[in-house]
Amino acid sequence: MANAAYNLWLEAQASSAPVAFLTDTIKAAILSSAYTFSQAHQYLSDLTGVLGSVTLTGKSCTNGVLDADDAVVTGVLASPGHIVVVYKDTGVAGTSQLMLYFDQGTGFDQSPTGDTTIIWPNDANVKIFPLGGM
């Protein structure tokens, strides 16, 4: 699988339930290879193999490109095939909207133990996600 946006998030952006990236609580979860990507997945409760998560800080949107500070997920146990999923956290897994899926990228450690840093790309045209598409 390649990096992707969840279609149901993109649809929500065009409807009455958009995610406000700059003001909503946005988190990144690290998943094990137990998770299989599906465009049918919509909420945090659809994920399997969640090893930990972190709230994104320093969020910005410049020239249509979403970005945030690199993030440290604490207490991640060793597990191969790590994946990062970005989602809007509502405090309820069944309503926390999945946004972005990453299984490729700089700084995605494949065998972390303990604290793991998610390093977002520094390319001005990519960062976390260009709203014009990946």
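The values are calculated or read from the model by the stated rules, or taken from the named source; none is laboratory data. Here the structure is a predicted model, which means the values were calculated and not measured. Cβ sites come from the backbone with ideal geometry, for glycine too, and all protein chains shown count toward neighbours.
Of all residues in segment 29-77, those satisfying the criterion of being in contact (Cβ under 8 Å) with a residue 60 or more places away in the chain, in contact with a Phe, Trp or Tyr (Cβ under 8 Å, 6 or more places away or on another chain) and outside any loop (DSSP other than H, G, I, E, B) are Cys61, Val65, Leu66, Asp67. Condition first: more than 23 Å from Lys127 (Cα to Cα) and modelled with pLDDT under 95. Can you find one or more residues in segment 55-76 that meet it? Yes. Just for segment 55-70: of the residues that are of a type in the set (Gly, Ala, Ser) and within 22 Å of Gly91 (Cβ to Cβ), which one is surrounded by the fewest Cβ atoms within 10 Å (Cβ to Cβ)? So the residue we want is Gly58. The residues of segment 77-120 that are modelled with pLDDT of 85 or more and more than 15 Å from the chain's Cα centre (by Cα), listed by number, are Gly91, Val92, Gly94, Thr95.
Here segment 11-36 is the region considered, the condition is being buried (at least 17 other Cβ atoms within 10 Å of the Cβ) and under 20 Å from Ile83 (Cα atoms), and the residue that is modelled with the lowest pLDDT is Ser32.
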